[in-house]
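Okay, so here's the structure we're looking at.
The values are calculated or read from the model by the stated rules, or taken from the named source; none is laboratory data. A quick note: this is a predicted structure, and the numbers were derived from the prediction, not measured. Using ideal geometry, Cβ is built from the backbone for each residue, glycine included, and neighbour counts are taken over all protein chains shown. Note: areas computed on protein heavy atoms with side chains; ligands, DNA, RNA excluded. Shrake-Rupley method; radii C 1.70, N 1.55, O 1.52, S 1.80 Å.
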Amino acid sequence: MSLRLAFMGTPNFAVPTLAELIGASHDIACVYTQPPRRKGRGLGEEKSPVQKFAESAGLPVRSPLSLKDADEQAAFGALDLDAAIVVAYGVLLPKPILAAPRLGCFNLHASLLPRWRGAAPIQRAIMACDSETGAMVMRMEEGLDTGPVLMAERIAIGRKTYGELHDELARLGADLMGRALAGVERCSVTETPQSPDGVTYARKIDKGETQIHWTQPARMLDCHIRGLSPAPGAWFEAKGERIKVLLAETAGGKGAPGEVLSDFAIACGEGALKLLSVQRAGRAPMEWAAFLRGFPLVPGEKLA
């Protein structure tokens with residue numbers, strides 16, 4: 001059975017779910033996304049990944065700044081929707097929007113709720129050294145990621161970077177949303193309220209927290225680096241230059257925090273860190289050994 005849907009999303013993470021819904025032959029009445037942003041040196045406007053994909057598929061697109069306006073809410077209600085599907089939209093849905101679709105609004109969230117509600121769940125799970133994460137489809141309420149869960153999948157984080165886990169969860173989430181929506185159609189899914197225990201919030205990544213502080217334990221810095229790789233990237237300073245670290249691993253050795261050791265590992269507050277992939281400003285990523293050939297560091301040298 002085909003449902004009449006609105007899709008609401010903005011970044012690359014949301015595109016696989018929109019593709020899944022199109023492939024399942026649902027009637028996408030309209031795609032909502034955030035307005036184009038000015039980007040680059042010329043400050044030209046760039047459409048969101050969802051808008052680009054929707055337009056390539058011939059779907060109508062709306063990009064209001066807010067959905068609080070009565071005219072916008074009336075236009076949404078006039079779509080006569082069965083459901084709205086929300087994936088990383090980034091715009092608050094007021095009560096009249098939530099109440100408009102016949103079956104409700106359903107959100108795909110990339111964490112094991114109630115852990116990591118909010119804007120940056122994938123990064124925060126890695127940065128906190130969590131062993132697993134997942135994707136969940138929930139019925140939307142007025143609260144921040146508080147609604148009952150329809151369906152969930154868990155995956156191990158292991159040594160994955162943010163970029164790798166982002167792509168894996170985007171694919172997993174698209175399939176999960178397709179299955180959850182099919183269950184909603186058949187009235188065969190059970191909605192489970194979230195536990196009041198274990199609630200944490202995944203605040204947006206701030207540039208001020210991306211610097212590597214060598215006084216921290218090596219294990220925590222390894223998670224910090226992977227959680228910010230490839231973007232915005234964790235970084236340190238050496239010889240007045242900012243170096244982005246894309247991948248590292250814990251290593252043996254001791255020294256003052258930030259000290260370059262004899263095997264070119266970097267001493268931390270506990271243990272040491274072997275850098276594997278780094279990037280200088282304006283250059284391509286490179287392996288640590290190749291970096292050292294063009295940017296020599298001497299054992300005993302101190303990194304900031």
Task: Condition broken by Val91, with the remaining ones in (1) at pLDDT 95 or above; (2) closer than 21 Å to Pro64 by Cα; (3) of a type outside the set (D, E, K, R) satisfied - done: (1)
Task: Residues located in the stretch 168-184, provided they are surrounded by 15 or more Cβ atoms within 10 Å (Cβ to Cβ) and within 17 Å of the chain's Cα centre (by Cα) - done: Glu168, Leu169, Ala170, Leu172, Gly173, Ala174, Leu176, Met177
- [ ] Sort out for me the strands (runs of 3 or more DSSP E) sitting completely within the stretch 5-53 that have 2 or more residues that are of a type in the set (Asp, Glu).
- [x] 44-46
- [ ] Identify all residues within the stretch 268-284 that are buried (at least 17 other Cβ atoms within 10 Å of the Cβ), of a type outside the set (A, V, I, L, M, F, W, C) and under 19 Å from Gly240 (Cα atoms); write none if there are none.
- [x] Gln279
Task: Residues of the stretch 185-194 satisfying the condition of being touching a residue at least 60 places away in the same chain (Cβ under 8 Å) and either buried (at least 21 other Cβ atoms within 10 Å of the Cβ) or more than 19 Å from Ser25 (Cα to Cα) (or both) - done: Gln194
Open item on the list: Looking only at residues that are farther than 16 Å from Val278 by Cα and touching a helix residue (DSSP H, G or I) at 6+ places or on another chain (Cβ under 6 Å) in the stretch 198-223, which one is surrounded by the most Cβ atoms within 10 Å (Cβ to Cβ)?
Closed with: Ala202
Open item on the list: It is to be established whether one or more residues within the stretch 45-63 are in contact (Cβ under 8 Å) with a residue 40 or more places away in the chain and either in contact with a Cys (Cβ under 6 Å, 6 or more places away or on another chain) or open to solvent by 40 Å² or more (accessible area, probe 1.4 Å) (or both).
Closed with: no
Task: Pairs, first in contact (Cβ under 8 Å) with a residue 24 or more places away in the chain in the stretch 134-156, second open to solvent by 60 Å² or more (accessible area, probe 1.4 Å) and among the β-branched types (Val, Ile, Thr), C-beta under 6 Å, six or more apart - done: Pro148/Thr192; Val149/Thr192
Task: Number of positions in the stretch 198-208 that are farther than 28 Å from Gly178 by Cα and either touching a strand residue (DSSP E or B) at 6+ places or on another chain (Cβ under 9 Å) or free of Cβ contacts under 8 Å to residues at least 24 places away in the same chain (or both) - done: 2
Task: Number of positions in the stretch 115-133 that are in contact (Cβ under 8 Å) with a residue 40 or more places away in the chain, more than 21 Å from Pro196 (Cβ to Cβ) and not hydrophobic (A, V, I, L, M, F, W, C) - done: 1
Open item on the list: From the list Asp175, Asp167, exactly one residue is closer than 22 Å to Ala83 by Cβ, in contact with a helix residue (DSSP H, G or I) (Cβ under 9 Å, 6 or more places away or on another chain), at pLDDT 95 or above and in a helix (DSSP H, G or I). Which is it?
Closed with: Asp175
Task: Counted residues, the stretch 84-102 - those being within 20 Å of Ala135 (Cβ to Cβ) and more than 24 Å from the chain's Cα centre (by Cα) - done: 0
